[in-house]
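Presented below is the structure to which this report refers.
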Amino acid sequence: MQLSCPMPALDFDVITLGHGSGGLLTNRLLDSGVFDLLSNEWLDERHDGATLNLNGKVAFTTDSFVVSPIFFPGGNIGELAVNGTVNDLAMCGAIPRYLSLGFILEEGLTMKAFWDILVSIKYACEKAGVKVVTGDTKVVERGKGDKIFINTTGVGEVHPRADIRACRIQAGDKVIVSGNLAAHGIAILSVRKGLEFETALESDTRNLNHMVRDLLDEFGEDIHLLRDPTRGGAATVLTEIARDTRLGIDLFQKDIPVDDAVSGACELLGLDPLYVANEGIFLAVVRAEIADDFVRRLRGLEGGKDAAMIGQVTEAHPRQVVMTSRIGGKRVVNMLVGEQLPRIC
């Protein structure tokens, strides 16, 4: 559900090079859009930066978003940018607080599209509980961009019970996924290729920070690692973990949750859900003794009803991820080679 935010009257229907000049048009664009819509005590200072109050350990991340198309089933580049950065902080065990927001706009982008993206940013920020406190806007000539690129930087306070480090992973730990795989990538692909399926496919983009905070409140240091499997999918994240820890990971295909419609689309397109990008789930490596309770708690949280235990860490086959198929066969799961689907986030 989107917020109701009527678009203000503007002098132009599309972005022009003048909107990037730093002069009158730039000020009108920011005044009637960004500053009014995202208003808060820090942004209202309209300074080149923001002075923030933070206590204890701080997590810091930055990301850029170039997804094509900029509007897709279940979301758009604006909320994707907020959720992606919020989730990167959450994967550090942090409680996100503040974001910067940088726009690169292409001449010719409609004001209506820009406004809709801003409204989605406002909605995503309010849902995640973060504030945009500083930012930047640039305009490039027509043909020198692709409608809009967004850069976001996030800052958050590390949860007092968080100790999220790959070096804490040990043999016997369980691998858990918070929801169904591959929804985002398949939703993007369906729009690009004009594909129609019996069931509407939507991106899973959402903020994960509230879910992670609740899990850290309860399980704290027993959570050894958190990662969101975006580009490269779950397979790439798991192979990176195996490589970095010099341990092996056993995966069990029968336990990996994939929505039926997404699974059917992957089969039709010849794609493996393990390699398709996600934007609203995370992988957790946790101490074996709390794994069952962790999954039960996840399933009771918003966005976690499809959580499942999908594997375990082992000293066998170090640096490799080995998946047992539904019929009992085994295969090595490697990192994604090349680009399966470019401009996914």
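The values are calculated or read from the model by the stated rules, or taken from the named source; none is laboratory data. Being a predicted model, the structure only gives us computed values, none of them experimental. No Cβ is skipped: glycine too gets one built from the backbone with ideal geometry, and neighbour counts run over all protein chains shown.
General observations
- Some residue of region 89-110 being farther than 30 Å from Glu240 by Cα, within 16 Å of the chain's Cα centre (by Cα) and in a loop (DSSP other than H, G, I, E, B): no
- Some residue of region 50-65 being among the aliphatic types (A, V, I, L, M), part of a helix (DSSP H, G or I) and more than 18 Å from Met7 (Cβ to Cβ): no
- Selection of region 126-173 for residues being part of a loop (DSSP other than H, G, I, E, B), buried (at least 19 other Cβ atoms within 10 Å of the Cβ), hydrophobic (A, V, I, L, M, F, W, C) and more than 19 Å from the chain's Cα centre (by Cα) yields Ala162, Ile169.
- Only one entry of Leu201, Leu181 meets the criterion of being crowded, with 24+ Cβ neighbours inside 10 Å, of a type in the set (A, V, I, L, M, F, W, C), modelled with pLDDT under 95 and in a loop (DSSP other than H, G, I, E, B), and that entry is Leu201.
Quick grid of which residues meet (1) under 26 Å from Thr110 (Cα atoms); (2) touching a residue at least 24 places away in the same chain (Cβ under 8 Å); (3) aliphatic (A, V, I, L, M):
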{"site": "Thr26", "(1), (2), (3)": "yes, yes, no"}
{"site": "Leu30", "(1), (2), (3)": "yes, yes, yes"}
{"site": "Gly33", "(1), (2), (3)": "yes, yes, no"}
{"site": "Asp36", "(1), (2), (3)": "yes, yes, no"}
{"site": "Ser39", "(1), (2), (3)": "yes, no, no"}
{"site": "Thr62", "(1), (2), (3)": "no, yes, no"}
{"site": "Pro73", "(1), (2), (3)": "yes, yes, no"}
{"site": "Ile77", "(1), (2), (3)": "yes, yes, yes"}
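- When Ser120 is tested against the conditions (1) part of a helix (DSSP H, G or I); (2) closer than 19 Å to Leu52 by Cβ; (3) out of contact with any Lys or Arg (no Cβ under 7 Å at 6 or more places or on another chain), the lone failure is (2).
- Residue in region 184-197 that is surrounded by fewer than 20 Cβ atoms within 10 Å (Cβ to Cβ) and modelled with pLDDT of 95 or more present: no
Each row is one residue, and each column tells you yes or no for (1) on the phi > 0 side of the Ramachandran plot; (2) basic (Lys, Arg); (3) touching a helix residue (DSSP H, G or I) at 6+ places or on another chain (Cβ under 8 Å).
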residue	(1), (2), (3)
Asp48	no, no, no
Thr61	no, no, yes
Phe65	no, no, yes
Glu79	no, no, yes
Arg97	no, yes, no
Glu126	no, no, no
Val130	no, no, yes
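- Residue within region 8-18 that is hydrophobic (A, V, I, L, M, F, W, C) and in a strand (DSSP E or B) present: yes
- Test for Ser4: is it over 14 Å from Leu105 (Cα atoms), at pLDDT below 85 and not in a loop (DSSP other than H, G, I, E, B): no
- Matching residues, region 179-209, being touching a strand residue (DSSP E or B) at 6+ places or on another chain (Cβ under 7 Å), farther than 13 Å from Leu269 by Cα and not β-branched (Val, Ile, Thr): Ser203, Asn209
- Every residue from region 247-274 that is under 14 Å from Leu181 (Cα atoms), free of Cβ contacts under 8 Å to residues at least 60 places away in the same chain and assigned to a loop (DSSP other than H, G, I, E, B): Asp272
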